[in-house]
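The values are calculated or read from the model by the stated rules, or taken from the named source; none is laboratory data. Predicted, not measured: the structure shown is a model, and the values here were computed from it. Quick reminder, even Gly has a Cβ in these numbers, built from the backbone with ideal geometry, and neighbours come from all protein chains shown. For accessibility, only protein heavy atoms count, side chains too; no ligands or nucleic acids. Shrake-Rupley method; radii C 1.70, N 1.55, O 1.52, S 1.80 Å.
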Amino acid sequence: MAAATQALLSLFAASLPTKHRPLTIRASKLATTNPPIAGRKLRAAVIGAGPAGSSAAEALAAGGVETFLFERSGPSAAKPCGGAIPLCMLDEFDIPRHLIDRHVTRMRIFSPSNLAVDFGKTLRPDEFIAMLRREVLDSFLRSRAQSRGANLISALVTDLEVPTSNDAPYVVRYISNNSQKALAVDVVIGADGANSRVAKSIKAGGYACAIAFQERIKLTDDKMEYYEDLAEMYVGNDVSPDFYAWVFPKCDHVAVGTGTVCSKQDIKVFQRAIRARANSKISGGKVIKVEAHPIPEHPRPTRVRGRVALVGDAAGYVTKCSGEGIYFAAKSGRLCGQAIVKASEGGQRMINEGDLRREYLKEWDAKYITTFRFLDLLQKVFYGSDAAREALVELCGDEYVQRMTFESYLYKRLADGNRWEDAKMVCNTIGSLMRCNILGKKMESLKL
């Protein structure tokens, strides 16, 4: 839903009240006075080897920092994920085109009443949404980090010992090959997901989590042909009271799933509902994998403490409304790794909390915190009722909305809009919300 729910971002971002604008993080602007490290390089441990961790490890190792990348599950495992990434990520992160399963150029959005709107009319011939399998993408990014010099350790991290003095090391305790081991490092990046052990170790605070549930379903060739370049999204209380459901195409199967924050106990009920709504297109398919995973709903209260930084899901970098996380995970990991390289002068000097706040958090929040907060606002407006969801789908039929949406999503930048068209979009939004709310009330009265 990433491309369907950022439609109004360009228009409203500049007019957000002060509390919705980017955070200002106080940090010293003075040049670093950190002491040099004698006889070795700065040592960093990256816990978690998904897009966030692998991107961080690659930046660290390439920049001269001695890097240890911990991967719990081994190369073959990956968390459940829709697998959509924006076009700009392919070039920005040098993702080989052969990793792409599907080039999605059509998105069909279904309202609670099953009104279908095709989303993608304004895409240029060279534009598309890339669909990948997370296990394929993760393996590539992990291998590339290794090729740049990161040391991959396949292990279960059991504890992170936080030092009591500024110059003492952090100690990562882990189990590898049924043996308990320990590694002393200068800095730690927590990229270990929504249930981050690193976050708990530094008392980073909690956050609300959604649960995402997904089935991978193998379809016959004729039914897969329908999803050749098409992704489907469904909204409605039946498939999720506060999120959306999806059918996303992969190489030889589709990923069918849903998510929720407020009704986690009913996730299988919602999954049955999405399968029912998409039944004519997926019936007869064979379930080849079932996946479930927590998804953070907002950034953690604390993302840096001492010489520890959180990135990706561990930091809470998944957008509300759309559930987009892969790009922001990889981006936050790379930004954090580069920040450590810069502050340590290529691994030559020790770093401190002020360095991480200045070079990582301040930069991240300046770029993205407004987007996260705005999508939070959109979710409250459009996902609160079936009437509001009908209005959202109705708006998605507007070609100006589609162009502005894809421009913002595919390239991760605010699109340059037309003031007259922007004004029309606001009026249409208000009109759709009012009209659908009135119709919704009439439908409820008929049910009674």
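Listing for the model above:
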read-out: Strands (runs of 3 or more DSSP E) enclosed by the stretch 127-175 - at least 2 residues per element that are at pLDDT 95 or above and β-branched (Val, Ile, Thr); value: 156-161
read-out: Residue match in the stretch 164-182 (condition: in contact (Cβ under 8 Å) with a residue 40 or more places away in the chain, touching a helix residue (DSSP H, G or I) at 6+ places or on another chain (Cβ under 7 Å) and open to solvent by 30 Å² or more (accessible area, probe 1.4 Å)); value: no
read-out: Out of 335, 310, sole residue that is under 25 Å from residue 206 (Cβ atoms), at pLDDT 95 or above and touching a Gly at 6+ places or on another chain (Cβ under 7 Å); value: 310
read-out: Check on residue 216, in contact with a Cys (Cβ under 6 Å, 6 or more places away or on another chain) and open to solvent by 10 Å² or more (accessible area, probe 1.4 Å); value: no
read-out: Contacts under 6 angstrom Cβ, first residue in the stretch 222-240 being assigned to a loop (DSSP other than H, G, I, E, B), partner open to solvent by 10 Å² or more (accessible area, probe 1.4 Å) and aliphatic (A, V, I, L, M), 6 or more apart; value: 238/273; 239/273
read-out: Cross-chain or 6+ apart pairs with Cβ under 7 Å, the stretch 358-371 first and without any contact (Cβ under 8 Å) to a residue 24 or more places away in the chain, then open to solvent by 70 Å² or more (accessible area, probe 1.4 Å) and in a helix (DSSP H, G or I); value: 359/342
read-out: Within the stretch 327-380, considering residues that are among the acidic types (Asp, Glu) and assigned to a helix (DSSP H, G or I), the one surrounded by the most Cβ atoms within 10 Å (Cβ to Cβ); value: 355
read-out: Criterion: open to solvent by less than 40 Å² (accessible area, probe 1.4 Å) and either more than 16 Å from residue 82 (Cα to Cα) or assigned to a strand (DSSP E or B) (or both) - qualifying residue of 314, 276; value: 314
read-out: Within the stretch 312-358, tally of residues that are polar (S, T, N, Q) and touching a Lys or Arg at 6+ places or on another chain (Cβ under 8 Å); value: 2
read-out: Meets criteria (of a type in the set (D, E, K, R), out of contact with any His (no Cβ under 7 Å at 6 or more places or on another chain) and open to solvent by less than 30 Å² (accessible area, probe 1.4 Å)) for residue 324; value: yes
